[in-house]
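Report on the structure given below.
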Amino acid sequence: MKNYKLDTLAVQAGWEPKNGQERVVPISMSTTFKYESAAELAKLFDLKESGYFYTRLGNPTTNALETRLAALEGGIGAIAFSSGQSATTALIMNLCRAGDHIVSSATIYGGTFNLFGHTFKQFGVDVSFIDQDASLEEIKAAVRPNTKFIFAETLSNPSVKVLDFEKFSRAAKETGVPLVVDNTFATPALCRAFDYGANIITHSLSKYSDGHACAMGGMIVDNGSFDFDTPKFPVLSTPDPSYHDLVYTKTFGKFAFLTKARAHVMRDIGNILSPMNAFLINMNLETLPLRMAKHSQNALALAQFLESHPKVLWVNYPGLESSPDHEKAKKYLKAFGGVLTFGVKGGAKAAEKLMDSLQLAAQLTHVADARTCVLQPASTTHRQLSNADLKKCGISPELVRLSAGIEDSQDLIDDFKQALDKVDC
Ligand SMILES: *Cc1c(COP(=O)(O)O)cnc(C)c1O
């Protein structure tokens, strides 16, 4: 499927039925798979042959989804997890040991911020959060001898800042660590992050990839561009005692990272995606390019409307010419995405009144699905963060995150118009 374009891969990649087989990938609701001989099973357990033997380590429906997203991103392979958080957890466990270190942009999803800043700190993995606008020299200076990766989001949640790929990939290259990019908000439909220097891509599939708010999932995609066969990555380049002293880089070459993530992390942690969710997300990915175009179109229309409204204090959307990220957005993104943030005059209270007055747009803890929704991150998704951390993540108390759905854009503008009429400020 390598030479096809994105729209084609979205519907065709991952499942190529043979004569008489199902047109649509079947849902393999089976924990296990039958074999004729003990010798065959042993070969699978030894990773000498590939095949399904237990759904915790691989499943045909899940594999179809993995293949499709890997094709969309231009990776050599991918592994699905039960959620985006679970994928990031697997990423850390696959590369780090106690005593190691991560450099991360501070402008990231609140859950990832907590995972790096608190949870994994308890297990001895340290993190340095850096300002996404830090200079190349500052980013490089944050990298220590024990740093295992640099992490950032293509389009950050919720502040929709656009990653300066050139700067971050240069910093990663010049310090000899992989650049890991969370491509959840952009998706491969808007940004093929590997083309701009990402070495590994992570996803929360619960957002645009599913896109209908029906299934949670996560993914890690690798394009094999980073060479882990160095003493800096003993977890991949020295014998693994939990796997007959197998050396992943020697045995699997470019597939070392992905093989270990499946054969070791997934085996031990069991944070797998259910085949049912894999089926749903796989189906929904078929319309990803169409949906991303419409989400982006609606978000731009709403951003322009809000920016011109006298009761609106500020609008932050990379598609607006007023955005400091507009040039970067044009350089790296095919369209500007479905999420924007804004603040109304009158602060947090006025924001609450506005949100309560919306009739079409719903208030919920979600983003990136077919229906328009709003949320106040400071009181919800980012509630556990201190005021100082909120500031680091670029979130003010009055900030409203608006996720544009795929409804008619005039209906959406009318909804915000009537709600703003009810706000006095
Ligand atoms: C939602 C989100 C996550 C976490 O994903 P879940 O599927 O909710 O666990 C990670 N990164 C980004 C950018 C997100 O928006």
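Bear in mind that the values in this text are calculations on the coordinates, not laboratory data. Given the structure is predicted, the values throughout are model-derived calculations rather than measurements. Cβ placement follows ideal geometry from the backbone for every residue including glycine, while neighbour counts extend to all protein chains displayed.
Couple of notes before you dig in:
- Normalised contact order of the chain, rounded percent, pairs of Cα under 8 Å and 6 or more residues apart: 16 percent
- As a rough footprinting exposure proxy, the listed residues 216, 1 were ranked by other beta carbons within 10 Å of their own, and the order from fewest upward is 1, 216.
- Highest-first packing order for the peptide set 27-38, 106-117 is 106-117, 27-38, based on the mean count of other beta carbon atoms within 10 Å.
- For the range 18-84, the relative contact order works out to 26 percent when only alpha carbon pairs closer than 8 Å and six or more residues apart are counted.
- Label-point gap, in nm, between residue 35 and residue 283 - each point 7 angstrom along Cα→Cβ: 3.3 nm
- Debye intensity ratio in log₁₀ form over the Cα atoms of the range 176-241, taken at each q of 0.21, 0.25, 0.27 Å⁻¹: -0.85, -1.02, -1.11
- Selection among 338, 375, 19 by position relative to the dipole of the chain gives 19 as farthest towards the positive end (Cβ unit charges, Cα centre).
- For the range 37-284, the residue among 112, 135, 123 whose Cα projects farthest onto the positive side of the dipole built from Cβ charges is 123.
- Summing Cβ point charges (Lys, Arg +1; Asp, Glu -1) relative to the Cα centre of the chain gives a dipole of roughly 400 debye.
- Fully extended contour minus Cα-Cα distance, from residue 407 to residue 244, at 0.36 nm per residue: 53.2 nm
- Percentage, to the nearest whole number, of Cα pairs in the chain over 32 Å apart: 37 percent
- For the range 356-425 versus the range 206-227, the gap between their alpha-carbon centres in whole angstrom: 24 Å
- Net +/- balance of residues flanking residue 221 in space, Cβ distance below 10 Å, scoring K and R +1, D and E -1: -3
- Look at the alpha carbon pairs under 8 Å that are at least 6 residues apart: their mean separation over the length of the range 66-204 gives a relative contact order of 24 percent.
- DSSP-defined beta bridges in the chain - what % are antiparallel, rounded to 5: 55 percent
- Convex hull per residue volume in Å³, alpha carbons only, for the range 292-425: 100 Å³
- Summing charges over neighbours of residue 56, with a neighbour being any other residue whose Cβ is under 12 Å away from its Cβ, gives +1 when K and R count +1 and D and E count -1.
- Remark on the range 1-150: Rg and Dmax equal 20.1, 59 Å (Cα only).
- Cα centre as origin, Lys/Arg/Asp/Glu Cβ charges: the range 288-421 dipole, Debye: 440 debye
- Sorted peptide list for 170-180, 348-358, 58-68, criterion being average Cβ within 10 angstrom, highest first: 58-68, 170-180, 348-358
- Quick note on the range 37-284: its Rg to Rh ratio, both from C-alpha atoms and Rh being the Kirkwood radius, is 0.95.
- Which listed pairs, of 5/48; 173/250; 311/334; 43/250, have C-alpha distances above 26 Å, in listed order: 5/48; 311/334
- Cα centroid of the range 1-31 to Cα centroid of the range 40-104, whole Å: 19 Å
- Given charges at beta-carbon only (K, R positive; D, E negative), |dipole| of the range 260-362 in Debye: 220 debye
- Ranked by the mean number of other Cβ atoms within 10 Å per residue, highest first, peptides 329-335, 297-303, 119-125 order as 297-303, 329-335, 119-125.
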